[in-house]
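In what follows, a single structure is set out as structure tokens and then discussed.
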Amino acid sequence: LRAGDLRDWNRFVEKMRLNYKMKKEFCGTYNQPFNLDFEEMENKFRSLRERILPFVTDTGERLFNAAQKGKRLLFEGAQGTFLDIDHGTYPYVTSSNTISGAACTGAGVGPGLIDHVIGIVKVYTTRVGNGPFPTEQLNETGETLRKYGGEFGATTGRPRRCGWFDGVMMRKSIQLNGLTRLALTKLDVLNHCSAINICTHYEINGKKTEVCPTSPVDFENAVPVYETMPGWTADISGCRKNSDLPPAARNYIERLKKICYDIPILLVSVGPDRSQTIEVEKM
């Protein structure tokens, strides 16, 4: 069943009845309870139908026409690069594609409409749930990042795993997404770190590599190799220009840029409010 099926109510009910029958038989085969009432479902969708139909359209057609008229389009993705079902840290992934190419397939437009791909990147690394995390900090540093970064699941409240910035994974993310700009977030969280580590490469079985592992075993065995930079003690949450930042913070940003193939850094956030954003470079 798809939203467009609601246009033809009789056909929608027919397809829903077929689905209902199949699921009921499936549950019966495995002696599982099936407590859905078809009439109740039908009435629910009938009441929702008029509210939903005004928003059902050929999205790709509308977006293409808007682009033809010179309008600017913004596509926003969800979840991180390494949760991508094809290119992520399988099997610790989600059920869909999360890299930038999914914007085209999801919205129904061709890649020719995309002029810029902006990567939204925390200045440290987090992960929810299981999976490889070479720079994870199971210590006071991790607790500090979690506390001041508010790193708890929005829905479950589950604590996120926290660690240092991983340049190896970031470079792979740049390759997979074709990033043309970066927006760095939560720089203010590092106010509470006297020294800041950046992972520049891994050691796997005694060998150094700057390439992200494809084997889950290699990923689990990856030992991060760090470059340490001085932190800063000043509260940067009130900074609104790049020049307002302390030298150590500006140096950290520049180092991340170098590690990330010198991709221009568009924005840096120094707090959760919209106004707490520094425009480093123009588009």
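Quick notes
- When every residue of segment 141-148 is checked against the conditions, none turns out to be surrounded by fewer than 19 Cβ atoms within 10 Å (Cβ to Cβ), over 14 Å from the mean Cα position of the chain (by Cα), in a loop (DSSP other than H, G, I, E, B) and among the polar types (S, T, N, Q).
- Candidates ASN242, ASN197, ASN205, filtered to the one that is farther than 25 Å from ALA78 by Cα and loosely packed, with under 13 Cβ neighbours inside 10 Å: ASN205
- Checked against (1) outside any helix (DSSP H, G or I); (2) closer than 30 Å to GLY106 by Cα, ASN31 passes all but condition (2).
- Criterion (crowded, with 20+ Cβ neighbours inside 10 Å, outside the structural domain of GLY101 (by TED's automatic domain parsing) and without any contact (Cβ under 8 Å) to a residue 40 or more places away in the chain) met by exactly one of GLY163, GLY157: GLY163
- Qualifying residue in segment 210-224 (condition: hydrophobic (A, V, I, L, M, F, W, C), out of contact with any His (no Cβ under 9 Å at 6 or more places or on another chain) and assigned to a loop (DSSP other than H, G, I, E, B)): yes
- Qualifying residues in segment 178-196 (those that are among the polar types (S, T, N, Q) and in contact (Cβ under 8 Å) with a residue 40 or more places away in the chain) - the one farthest from LEU256 (Cα to Cα): ASN191
- Verdict on GLU220 being of a type in the set (Asp, Glu) and either at pLDDT 95 or above or buried (at least 19 other Cβ atoms within 10 Å of the Cβ) (or both): no
- Number of positions in segment 116-130 that are assigned to a loop (DSSP other than H, G, I, E, B) and either modelled with pLDDT of 95 or more or on the phi < 0 side of the Ramachandran plot (or both): 6
- Scan of segment 241-283 for residues that are out of contact with any helix residue (DSSP H, G or I) (no Cβ under 9 Å at 6 or more places or on another chain), assigned to a helix (DSSP H, G or I) and either modelled with pLDDT under 95 or aliphatic (A, V, I, L, M) (or both), ordered by number: ALA248
- Among the residues listed as ASN97, ASN65, the single one being surrounded by fewer than 17 Cβ atoms within 10 Å (Cβ to Cβ) and modelled with pLDDT of 95 or more: ASN65
- Flag if PHE75 is buried (at least 16 other Cβ atoms within 10 Å of the Cβ) and of a type in the set (Phe, Trp, Tyr): no
- Taken together, the criteria exclude PHE82 from residues that are surrounded by 13 or more Cβ atoms within 10 Å (Cβ to Cβ) and within 21 Å of LEU6 (Cβ to Cβ).
- Flag for ASN251 being of a type outside the set (Asp, Glu) and closer than 26 Å to ASN130 by Cβ: no
The values are calculated or read from the model by the stated rules, or taken from the named source; none is laboratory data. Note that the structure is predicted; figures quoted are calculated from it, not measured. So basically every Cβ, Gly included, is an ideal-geometry build from the backbone, and we count neighbours across all protein chains shown.
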